[in-house]
Amino acid sequence: MNENLTSITRNEPPQNSSFEQLGLIEPIARAVHDEGYTQPTPIQTAAIPHVLEGRDLLGLAQTGTGKTAAFALPILQRLAKSGRRPQGDRSIGVLVLTPTRELASQIGDSFGAYGKHLGFRHTVIFGGVGQNAQEKALRQGIDILVATPGRLLDLVTQRIVHLSRIEIFVLDEADRMLDMGFVHDVRRVLALLPKKKQSLFFSATMPPAAQALADDLLHDPATVAVNPVSSTVELITQFVYFVEKNDKRSLLTDILSDHKIKRALVFSRTKHGADRVVRYLDHAGIKCDAIHGNKSQNNRERALARFKAGESRVLVATDIAARGIDIDDITHVVNFDLPNVPETYVHRIGRTARAGASGVALSFCDAEERGFLRDIERLIGRKIDVIKEHAFHSTERERAPVPQQQQRGPRQQQQQRGRQQPQRAGGQQQRSRQPAREQPQGGDAAEQPRKRATGPGGGRAFSSSRGRRNRPR
Ligand code: AMP
């Protein structure tokens with residue numbers, strides 16, 4: 001893929017340093033400024049001109065880079081310029097397909113915010129909730145539909161949604177979509193779309209299955225990419241505590257009793273582990289909530305709202321539940337358990353450094369987790385400073401030998417051998433990972449995400465526009 005990337009912008013200020021200079025019309029630029037964005041992120045600078053031109057796009061970027069605006073802003077502009085009248089024709093003109101309901105809601109909110117001066121209608125549909133409200137919104141006529149694949153196909157089968165007049169199609173988080181087993185649903189949706197359309201394809205990695213999907217969907221695409229997550233952690237101050245497993249909860253309570261920690265996201269590998277941490281913190285009088293796959297949608301939304309409003313200072317989450325959650329101003333990420341996939345660590349701690357902010361990441365490492373720590377340090381290319389001045393410091397970790405093949409059980413190792421290594425955005429080879437499937441209900445399986453956010457503005461952007469259409473930037 002990288003041999004096709006011709007024009008490269010590193011972490012320098014983008015040449016097009018304002019939204020207006022990217023060619024966005026006044027009502028859109030104004031809405032973006034209302035959101036507090038002062039300049040486009042690298043993926044926005046790289047992608048917006050291509051999308052405005054009407055080109056297909058392959059975007060190698062993950063959540064947290066500002067990729068939603070990278071597609072939503074030029075799409076709104078194309079709608080505005082297409083002669084589509086906000087009060088007129090209500091056939092669905094834009095479809096955004098995304099894997100999770102959280103992402104769908106956030107993308108819907110973004111269209112609402114960026115398009116607020118234009119008057120187009122959008123709606124969001126996803127499964128796990130009743131369909132009546134969604135159906136009602138659809139029947140009123142909408143311009144932009146954001147959907148997860150299952151519910152979309154249900155509504156198509158019921159002839160409530162018609163996709164034959166889609167002009168612009170976005171496939172968001174394609175690799176995650178495939179991970180979650182949606183490949184057949186996605187292909188069914190593609191088959192329902194008109195041949196003539198503009199297609200935008202976003203993925204954090206390009207495993208062969210995602211590449212095949214992109215090849216089928218895209219015609220002469222421009223390719224833009226932001227660099228891999230491992231290079232965006234410099235903004236974050238990182239520390240590790242060596243602690244025995246049984247002391248982790250006491251250590252957490254101790255740390256969180258410091259009120260300088262304004263807003264902390266605590267990661268637990270398992271759902272029951274997250275619940276146990278919440279119970280313990282509750283006992284200690286620290287207000288907190290948990291979000292994970294066993295919680296209902298309402299419950300998760302309430303917990304998130306409390307956290308966002310500052311009513312609870314601590315949110316305990318599993319990796320999957322934390323995916324796609326868009327919360328700025330997280331001051332601290334605590335890894336109560338170290339993840340066994342090193343990229344997960346980078347994705348987790350990236351939650352503190354949103355929108356260019358800095359943050360602190362604290363990791364608890366027990367004797368059994370030292371191999372994970374070593375993998376993480378290898379990925380990020382440096383040692384993480386150890387905090388020893390606390391009541392629970394364990395020297396056991398320093399003495400304990402690294403168990404052989406510790407980080408992956410036999411099943412994972414087998415899966416890993418049988419799987420091809422996906423290629424990372426920016427060309428870095430991706431390391432092994434556990435396959436991630438959404439486990440919305442039941443079980444205490446470790447939940448491992450595929451990708452997680454890094455702060456927008458972080459990361460260099462690569463852009464290619466293959467051949468004659470290559471634009472200087
Ligand atoms: P996304 O990658 O689309 O999930 O965006 C991640 C976060 O970055 C969201 O909170 C956006 O509101 C924010 N964001 C997007 N573009 C910009 C920008 N140009 N400047 C500052 N924040 C942004």
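The values are calculated or read from the model by the stated rules, or taken from the named source; none is laboratory data. All values reported here derive from a predicted model rather than from experimental measurement. Here the Cβ is made from the backbone with ideal geometry for all residues, glycine too, and neighbour counts use every protein chain on show.
Computed values, structure above
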item	result
Exclusive hit being within 16 Å of the ligand (Cβ to nearest atom) and either modelled with pLDDT of 80 or more or buried (at least 21 other Cβ atoms within 10 Å of the Cβ) (or both), set Arg279, Arg300, Arg348	Arg348
Enumerated strands (runs of 3 or more DSSP E) restricted to the stretch 284-345, each holding at least 3 residues that are in contact with a Ser or Thr (Cβ under 7 Å, 6 or more places away or on another chain)	332-335
Subset of the stretch 61-75 [more than 6 Å from the ligand (Cβ to nearest atom) and under 10 Å from the mean Cα position of the chain (by Cα)]	Ala61, Gln62
Top-ranked residue in the stretch 19-36 [being over 15 Å from Pro74 (Cβ atoms) and within 11 Å of the ligand (Cβ to nearest atom); ranked as modelled with the highest pLDDT]	His33
Residue check, Arg165 outside any helix (DSSP H, G or I), farther than 28 Å from Ala212 by Cα and not small (Gly, Ala, Ser)	no
Boolean, Pro49 is modelled with pLDDT of 85 or more and either within 13 Å of the ligand (Cβ to nearest atom) or not in a loop (DSSP other than H, G, I, E, B) (or both)	yes
Test: residue in the stretch 79-92 that is under 20 Å from Leu155 (Cβ atoms), β-branched (Val, Ile, Thr) and either outside the structural domain of Phe202 (by TED's automatic domain parsing) or touching a helix residue (DSSP H, G or I) at 6+ places or on another chain (Cβ under 7 Å) (or both)	no
Leu97 being within 12 Å of the ligand (Cβ to nearest atom) and either under 23 Å from Ala321 (Cα atoms) or in contact (Cβ under 8 Å) with a residue 12 or more places away in the chain (or both)	no
Number of the condition not met by Ile261 [criteria: (1) crowded, with 22+ Cβ neighbours inside 10 Å; (2) β-branched (Val, Ile, Thr); (3) part of a loop (DSSP other than H, G, I, E, B)]	(1)
Which listed residue, of Gln39, Gln44, is under 19 Å from the mean Cα position of the chain (by Cα) and either within 12 Å of the ligand (Cβ to nearest atom) or closer than 21 Å to Val346 by Cβ (or both)	Gln44
Of residues in the stretch 193-217 being charged (D, E, K, R) and surrounded by fewer than 16 Cβ atoms within 10 Å (Cβ to Cβ), the one nearest to Ala61 (Cα to Cα)	Asp215
Leu252 touching a residue at least 24 places away in the same chain (Cβ under 8 Å), outside any strand (DSSP E or B), outside the structural domain of Leu73 (by TED's automatic domain parsing) and buried (at least 23 other Cβ atoms within 10 Å of the Cβ)	yes
